[in-house]
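Below is one structure, written out as structure tokens; the observations come after it.
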Amino acid sequence: MNSWYRLGDYVVDSLKGITPKYVDESDIIVLNQKCIRNNSIDYKFSRFHDGNKKFSEKKILRIGDILFNSTGQGTAGRCCFVRDLPKDETVITDSHILILRIEDFYLAESFSYSFYNEELFIQTFMDGSTGQGELDKLRLFNVEFKLPEKLKRKGICEFLGVLNEKIEVNQKINQQLEAMAKLVYDFWFVQFDFPMSKAYAASIGKPRLAGKPYKASSGKMVYNAELKREIPKGWEDGTLSDIAEITMGQSPAGSSYNQEEIGTVFYQGSTDFGLRFPAVRQYTTEPSRMAQEGDILLSVRAPVGTINQAMEDCCIGRGLAALREKKGSISYLWSQMVYFKQIFDRKNASGTTFGAITKNELFGLKVCIPNEQVLDDFKEIVDPLHDKIIVCSKENQRLAELRDWLLPMLMNGQVGIKEAYKEVDNEFNIAAEDNEGYRKNSNFVDSLFENLNFYKEIAAVQLIEEETTGRTHGKTGIQKTMSNLQQILKEERLEKVKFKERPWGMFSDTIAENIETNPFIYKFKLENGRKVYRVKPEAKKELQNWINLNENRSYITSLNQILSIHQEPFINNDIYKMELLNTVYRCMSKLESDDLGIIREAMKDWPMIEPKYKNKAEKFSEKVTAKMMDFIKKNQLI
């Protein structure tokens, strides 16, 4: 039987977040109001707090907390439930977020779902007449909901959690696909290392270079005065209006706005932007400027450059512009606008604040216009990524609608768990443990990833190693460095590289191919006969410039860290110890244990394809294993 529950009767603690001191990097994540939407936390908008500035431990978020945006018209009242938190980082909030704690986890989660279902009503709980008024906590605490009895709460919350997990999986797939599209764009149109097709290689008189990266294979580069940089010979400069149809938004009369789904979907600005598609919250009966389904929606007011994609024909207000590519799909234009956003963000970070971008400024943004064949080849690879993003996003939209429809009926007892699962299974097959669609998406991304190169990432290993120690690695040392980067430091850029066991440790075909064909390094024979790779003298300047780019900062930080670990006296760049580090770390991490006996048993179960040894325990003695465990703990790798 369901009963009425008043929030204030169950809150054991309520507090605000801190006034943060922001820094570029830290292990303390700060959530702000933008992070709280759709009853979940979007870490994309979070920032970092200076670890030297102390704060009360009570302010650290805990699993089971309920968060409310507490200020700002249109944002106050948005809520979410803290279901999980990053393992290795502390999460706090800024002072515009209210934190509520309830002892009963599933009661707290039930409250959060019910508040989410009434979010628009809660947003009217404003104390103060200005747009920065405070959420009225007294009114909030007096809210009552009809909630399920204790025995049923867990099942209902777990069911809703299944829907949320499916939505999150789709979001992760989309993030992965968008990262892949950006990576391809950067290789092709920022570094100009697009793989030359047979037709393109023949057109520039170098058919033997078919399949090779253009710039890295000494493709002809020409300085362009308008763009103030070198571009491939035969490519042109232009403006954004040369490649895109652009519509500047215009807000209709305020009296035409409504939330009753009367008229046309209306987006005033970027407030309703999501990860890729905006949330529909408002309509207008007097649409003025329109965007078409599939158009890019660009924020032309702070934050300038933020983009989403229209899922339907919609009216756009003065805070937005709509863009569509003049020729074919939007995949190239989308990547170009992501690139512009990075430029805007860097200028904002340097103190040049963009409050807005005018029509003339937007239309006149300088762009490089690629060779048409190269552009077609790019779209052939990237268009399917965007298509899959749309499929996942539309499924998420249907999932969210179904969840929000079932939510109040589950909470007040109108619908039982079995009926809810049946309703969802009819459309989504939620109960199935194995989701073939997700696996196909993952395999699709993997196949694309194999076609990308890591020339500069690998060359950077050799350049930094040479500058710090005076020596460099051969193939085996490079493989071990890259595998430890991926498996110990979790370097995102190498996330999809596949490593497998070889007699001397972890090996990747992708990394091997990138070593063999790398235009930045050459093979050098030492006096002892050992072969290593070194960076070509003529490539060092270009490589150093690449290392200094902001977008490579995270990778270079991870690389310096793993090289520093390898240079510690205990390892001393010895490839035997580098393999041992990988082996012991993975055993300790997987088993979540630092018990020597348990780790040795796991090593006995780790078969070797090296004829000399049956397993890892035979190759590495108990004594050296114990020392490596101490080394890993001392360096806080676990």
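The values are calculated or read from the model by the stated rules, or taken from the named source; none is laboratory data. Remember, predicted model here, so these are calculated numbers, not experimental data. With ideal geometry, Cβ positions are generated from the backbone for all residues, glycine too; neighbour counts draw on all protein chains shown. Only protein heavy atoms, including side chains, enter the accessible area calculation; ligands, DNA and RNA are left aside. Shrake-Rupley method; radii C 1.70, N 1.55, O 1.52, S 1.80 Å.
The residues of region 101-155 that are over 23 Å from Gly72 (Cβ atoms) and polar (S, T, N, Q) amount to a single one, Ser110.
Residues considered: Gly211, Gly269. Of these, the only one that is at pLDDT below 95 and surrounded by fewer than 17 Cβ atoms within 10 Å (Cβ to Cβ) is Gly211. Selection of region 144-169 for residues being assigned to a strand (DSSP E or B) and open to solvent by 40 Å² or more (accessible area, probe 1.4 Å) yields Glu144, Lys146.
Output the residues belonging to region 577-594 that are part of a helix (DSSP H, G or I) and hydroxyl-bearing (Ser, Thr, Tyr).
Selection gives Thr583, Tyr585, Ser589.
Picking from residues in region 88-105 that are surrounded by fewer than 20 Cβ atoms within 10 Å (Cβ to Cβ) and more than 27 Å from the chain's Cα centre (by Cα), the one that is farthest from Val30 (Cα to Cα) is Asp104. Scan region 36-49 and tell me whether some residue there is more than 28 Å from the chain's Cα centre (by Cα), outside any loop (DSSP other than H, G, I, E, B), buried (at least 17 other Cβ atoms within 10 Å of the Cβ) and among the hydrophobic types (A, V, I, L, M, F, W, C). No, the conditions are met nowhere in region 36-49.
Taking region 253-305 as the range and being assigned to a strand (DSSP E or B) and of a type in the set (Val, Ile, Thr) as the test, the residues that pass are Thr264, Val265, Thr284, Ile296. Every test in (1) farther than 21 Å from Ile565 by Cβ; (2) part of a helix (DSSP H, G or I); (3) not acidic (Asp, Glu) is passed by Tyr613 save one, and that test is (2).
Cβ separations smaller than 6 Å between residues 6+ apart or across chains give the following pairs from region 107-123 residues that are assigned to a helix (DSSP H, G or I) to residues that are open to solvent by 10 Å² or more (accessible area, probe 1.4 Å) and hydrophobic (A, V, I, L, M, F, W, C): Ala108/Ile102; Ser114/Phe145.
Looking across region 376-415, the residues that are small (Gly, Ala, Ser) and open to solvent by less than 30 Å² (accessible area, probe 1.4 Å) come down to Ser393, Ala400.
Summed over region 462-484, residues that are buried (at least 19 other Cβ atoms within 10 Å of the Cβ), touching a Ser or Thr at 6+ places or on another chain (Cβ under 6 Å) and of a type outside the set (S, T, N, Q) total 1.
Of all residues in region 106-130, those satisfying the criterion of being open to solvent by 70 Å² or more (accessible area, probe 1.4 Å) and farther than 18 Å from Leu15 by Cα are Glu118, Leu120, Phe121, Thr124, Ser129, Thr130.
Scanning region 322-335 for residues that are within 29 Å of Asn170 (Cβ to Cβ), of a type in the set (Val, Ile, Thr), touching a residue at least 60 places away in the same chain (Cβ under 8 Å) and surrounded by 15 or more Cβ atoms within 10 Å (Cβ to Cβ) turns up nothing. The set of residues in region 227-258 that are out of contact with any strand residue (DSSP E or B) (no Cβ under 7 Å at 6 or more places or on another chain) and without any contact (Cβ under 8 Å) to a residue 60 or more places away in the chain comprises Lys228, Arg229, Ala253, Gly254, Ser255.
Within this structure, Glu261 fails the test of being touching a residue at least 24 places away in the same chain (Cβ under 8 Å) and acidic (Asp, Glu).
Screening region 186-208 for residues that are surrounded by 19 or more Cβ atoms within 10 Å (Cβ to Cβ) and more than 28 Å from the chain's Cα centre (by Cα) and picking the one that is nearest to Glu542 (Cα to Cα) gives Met196. Filtering Thr284, Thr264, Thr247 for residues that are among the hydroxyl-bearing types (Ser, Thr, Tyr) and under 31 Å from the mean Cα position of the chain (by Cα) leaves a single hit, Thr247. Of the residues making up region 356-375, those that are buried (at least 18 other Cβ atoms within 10 Å of the Cβ) and in a helix (DSSP H, G or I) number 3. All of Leu67, Leu85 fail the test of being of a type outside the set (Ser, Thr, Tyr), open to solvent by less than 10 Å² (accessible area, probe 1.4 Å), modelled with pLDDT of 90 or more and on the phi < 0 side of the Ramachandran plot, apart from Leu67. Taken over region 1-18, the criterion of being open to solvent by less than 80 Å² (accessible area, probe 1.4 Å) and either within 17 Å of Met411 (Cα to Cα) or in a loop (DSSP other than H, G, I, E, B) (or both) is satisfied by Asn2, Ser3, Tyr5, Arg6, Leu7, Gly17. Among what's in region 579-600 and is in contact (Cβ under 8 Å) with a residue 12 or more places away in the chain and open to solvent by 70 Å² or more (accessible area, probe 1.4 Å), pick the residue that is nearest to His566 (Cα to Cα). It comes out as Arg586. If you take the residues in region 491-538 that are at pLDDT 85 or above and of a type in the set (Val, Ile, Thr), which one is nearest to Ser554 (Cα to Cα)? Within region 491-538, the match that is nearest to Ser554 (Cα to Cα) is Val497. From the list Glu149, Glu165, pick out the single residue that is more than 25 Å from Arg37 (Cα to Cα) and acidic (Asp, Glu). Criteria check complete, one pass: Glu149. One residue stands out in region 214-263 among those that are of a type in the set (Val, Ile, Thr) and under 29 Å from Met196 (Cα atoms): the one that is most open to solvent (accessible area, probe 1.4 Å), namely Val222. Being outside any helix (DSSP H, G or I), basic (Lys, Arg) and in contact (Cβ under 8 Å) with a residue 24 or more places away in the chain is the filter here, so list the residues in region 461-514 that pass it. Arg471, Lys496, Lys498, Arg502, listed by residue number. Return the residue satisfying two criteria in turn: it lies in region 519-575 and is in a helix (DSSP H, G or I) and among the basic types (Lys, Arg), and of such residues it is most open to solvent (accessible area, probe 1.4 Å). Top of the filtered list is Lys541.
Condition (residue is more than 23 Å from Asn38 (Cβ to Cβ) and in contact with a Leu (Cβ under 8 Å, 6 or more places away or on another chain)) applied to region 203-213: is it met by at least one residue? Within region 203-213 (the criterion being more than 23 Å from Asn38 (Cβ to Cβ) and in contact with a Leu (Cβ under 8 Å, 6 or more places away or on another chain)), the answer is no, since none of the residues qualifies.
Close Cβ contacts (under 8 Å, 6 or more residues apart or on different chains) running from residues in region 540-554 that are in contact (Cβ under 8 Å) with a residue 24 or more places away in the chain and among the basic types (Lys, Arg) to residues that are part of a helix (DSSP H, G or I) and surrounded by 12 or more Cβ atoms within 10 Å (Cβ to Cβ) comprise Lys540/Leu463. Say we look at region 131-143 and pick out the residues that are out of contact with any helix residue (DSSP H, G or I) (no Cβ under 7 Å at 6 or more places or on another chain) and open to solvent by 60 Å² or more (accessible area, probe 1.4 Å); which of these is farthest from Trp4 (Cα to Cα)? Filtering region 131-143 for residues that are out of contact with any helix residue (DSSP H, G or I) (no Cβ under 7 Å at 6 or more places or on another chain) and open to solvent by 60 Å² or more (accessible area, probe 1.4 Å), the one farthest from Trp4 (Cα to Cα) comes out as Gln132.
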